[in-house]
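First up is the structure itself, then whatever we jot down about it.
The values are calculated or read from the model by the stated rules, or taken from the named source; none is laboratory data. Computed from a predicted structure; not experimentally measured. We place every Cβ from the backbone using ideal geometry, glycine too, and count neighbours over all the protein chains shown. For accessibility, only protein heavy atoms count, side chains too; no ligands or nucleic acids. Shrake-Rupley method; radii C 1.70, N 1.55, O 1.52, S 1.80 Å.
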Amino acid sequence: MRIQPRKQILDIWRSMLAECYRDQKWIWGGRVESNPISDAEQLLCMLYPITQIETFAVHDPDATQPDVLRALRPLGPEATKIPRTLVDVALDYFQNHTDEREEPRFAAGSYLRGMSQDAPVPQDEGLQRLEVVDGYSMSITLCLTLLAFVNDREEHETNSGQHRKLVDLRDRASRRLTAAMVGLLRSFVVNSVSPESSQGRAILEMLRQGDTTDAELAQGLKIRFDRLRAQLKTDLRLSVPEESKPEEDQLFECGWSWGIAKDAKVITEYAADSSMSSKAGIAQPRPWLYFTVSALDGIVDLNSRRIRALNIFTPEQRSLAEALALRWDLTQNYWSAVARFDPERWPLEDIPWRTSDGQESDYYSLLVVSVLIQDLIARTATDADLIKAVGIIEELARRGRITQRMTPDDAAMALHYPGVPQGLVGSEVVVGTTLALYTSDYAPLIIKRALQAAQLTDNVEAREALMNVAEAAMDHLDERRMTRDGESVELWDDVSHFPGLESLTFQGPSWYFTERVVEALVATAATYEKEPPRSSRMYDHLLRLLNEADHVYNKAMLRSNVDDRSTLRDRLGEIGQLIKRARELRRRRTSTAIALSERALRLLDALEQADEDAGRSR
């Protein structure tokens, strides 16, 4: 199935508004009860494409595109009403998820389950205090989206009452953004362990490829990670607790725990007046791969070129963004080095990935791919790295039954339903039992990472392979759309076509899953906006064509009468424009330039034949 982000996003909007905007009232919640994370995801399904894809913008009513207006018509009959309704919905979100002291709430609430799917979840105040990194990361993306929207909208809003709402929305989004950044900062952890411990052995065995001896492995670790170890021990900006700093004979890993770590330091240098700066942490201070990737994605949004250009941060937020960027860079370096530790055979190629707590899953391999792709985006990627990454993504698509058929009792089914449980070790202190967040975004994540990788390469074969994986994943998602009155709609997630799950039905949409599909479509749009890849062989062929076309054209111009105003002279002018255009496109669109050059050569050949025929007839 060809991925058509414009059509598919507009279809999602139509289905969304039919589902959650009735009688001019926004209906929060879907498959689960309203919570700060799910509601942010629901809102981002609408707002993220509006601010990320230029042709979807609605801040200027005079420039809003007709198909966008038609899709969003339920929000208002006029183009001016649509952005105003979105402002009201966003303000309603902040009202719902801010406490009486004007402090933002980030609790995962109805998203949390027992480590066993059937285990009861305590419904008490403790549950509402359990915040996860997803809450902080998703709020960062939402608040940045809203701040960008307000920034664009302000100059077009002429109504004074509506203008006051925009100011209120900016203040609320900025306050929540600060709290989310603090929460993310205090969830960053370093886990230092002995090589002889169970966690140390798990790390070593994941890194060991082939017949590498312990001595060779130890030497390789020393060379690869000495600089990172030194930075963790000496860089005061990282605020790593003394007991977490790795000694020379220790292994370590860094990233994000599931929430504020139980040993997290109180922040006093910035945002000290926010309750998030001193809130007690309970999360076990070791990295979770899922929450690490979630945090990294949020920090990417913080440091995007577009957000920096808007200059919307307060001085406090700039300091927080710099602190998070430091941790982002450190974490990217660590996980990218771990993924590619052995240059001959990457540990990442040894699927499934095993985490330091002994868990293994193809989903964890996909998460490490996510970190690797972000690292390759941030640094210059080599063709060798990309070719290996393509092979891994193709293998993960096969193992996840994206490009192969699902069979009864297939172990891969759990990747999609109920998902991989992320046990929140430490939550038992608050609610009496260890809870989990189930992650089931394998298919949309495959699309997002495949297309991000496709943006990095000029290798036509690699790009084609990645596009094939992404389109196969979209086929997979197409089958999982929900139905209304017997018709499929652009909302997710219906897994009843999986063998053995035929009787499983859900009434409401999963905003968690639908938002990930929207993210994948936005990533597709970004890929399409880039120029197509250029093959060096095709470029060499183009230069030969241009050289010949230039030569034959110059020869024809030399023989033509400069005072001639006939059709012949017009045809030569057309050929000259074709060659000129081909030269302009030669680096950006090589194949198009080849087509233009070939057309110019055909026209030149036709003129030469006509001249020869005329000579014979004289």
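For the range 383-489, the fraction of C-alpha pairs farther apart than 18 angstrom is 59 percent. Relative contact order, whole percent, for the chain stands at 15, derived from Cα pairs under 8 Å and 6 or more residues apart.
Give the residue list of trypsin sites (Lys or Arg not before Pro) in the range 59-143 that are DSSP loop and have at most 13 other beta-carbon atoms within 10 angstrom. Show your work: numbers first, answer last.
Details: sites: ARG70, LYS81, ARG84, ARG101, ARG105, ARG113, ARG129; in loops: ARG101, ARG105.
Here the sparse-neighbourhood loop sites are ARG101.
Along its principal axes, the range 540-615 has C-alpha extents of 39, 21, 16 angstrom, given from the largest down.
All other residues whose Cβ lies under 12 angstrom from that of THR355 are scored, Lys and Arg at +1 and Asp and Glu at -1, for a net of -2. Relative contact order of the range 540-615: 39 percent, from C-alpha pairs under 8 Å at least 6 residues apart in sequence. Among the listed values [x] 30.2; [y] 26.9; [z] 28.5, the one matching Kirkwood radius over Cα pairs in Å as calculated from this structure is [y].
Let me check something: with ligands and nucleic acids excluded, how do GLU154, GLU461, GLU253 order by accessible area (1.4 Å probe), largest to smallest? It would help to have the intermediate numbers written out before the result.
Values: GLU154 45, GLU461 115, GLU253 10 Å².
Order by accessible area, largest first: GLU461, GLU154, GLU253.
Computed from Cα atoms, the angle from the helix 383-399 axis to the main principal axis of the chain rounds to 60 degrees. Within the shell defined by Cβ-Cβ distances under 12 Å, the residues around GLU247 carry a net charge of -1, with Lys and Arg each +1 and Asp and Glu each -1. Over the chain, dividing the summed -39,500 (n - 2.57) contributions of all DSSP H runs of at least 4 residues by the number of residues returns a 222 nm mean residue ellipticity of -18500 deg cm²/dmol.
Kirkwood radius for the range 471-618, taken over all pairs of different Cα atoms as the inverse mean of 1/r, rounds to 20.3 Å.
Extension gain ARG544-ASP168, at 0.36 nm per residue separation less the Cα-Cα distance, in nm? Intermediate values should be presented prior to the final figure.
Details: separation 376, 0.36 × 376 = 135.36 nm, distance 6.14 nm.
Once the chain is fully extended between ARG544 and ASP168, it gains 129.2 nm.
Note on the range 331-389: along the principal axes its Cα atoms extend 33, 23, 16 Å, ordered by decreasing extent.
Taking the charge dipole of the chain about its Cα centre, with +1 at Lys and Arg Cβ atoms and -1 at Asp and Glu Cβ atoms, the residue from PHE498, LEU147, ALA397 reaching farthest to the positive side is LEU147. The residue list VAL552, LEU324, GLN52 was ranked by how far each Cα lies along the charge dipole of the chain toward its positive end, using unit charges on Cβ atoms, and VAL552 comes out on top.
Translational D (Stokes-Einstein, µm²/s) of the range 1-104 at 25 °C and 0.890 mPa s when Rh comes from the Kirkwood sum over C-alpha pairs?
Details: Rh = 14.6 Å.
So the translational diffusion coefficient is about 168 µm²/s.
Ranked by solvent-accessible area (1.4 Å probe, protein heavy atoms only, all chains present), the residues THR141, THR213, THR234 order from largest to smallest as THR234, THR213, THR141.
Mind putting a number on the dipole of the range 540-615 about its Cα centre? Charges go on the C-beta only, +1 for Lys and Arg and -1 for Asp and Glu, and I need it in Debye to the nearest 20. Walk me through the numbers on the way to the answer.
Details: 15 positive and 14 negative charges, 126 e Å.
Around 600 debye, computed over the range 540-615.
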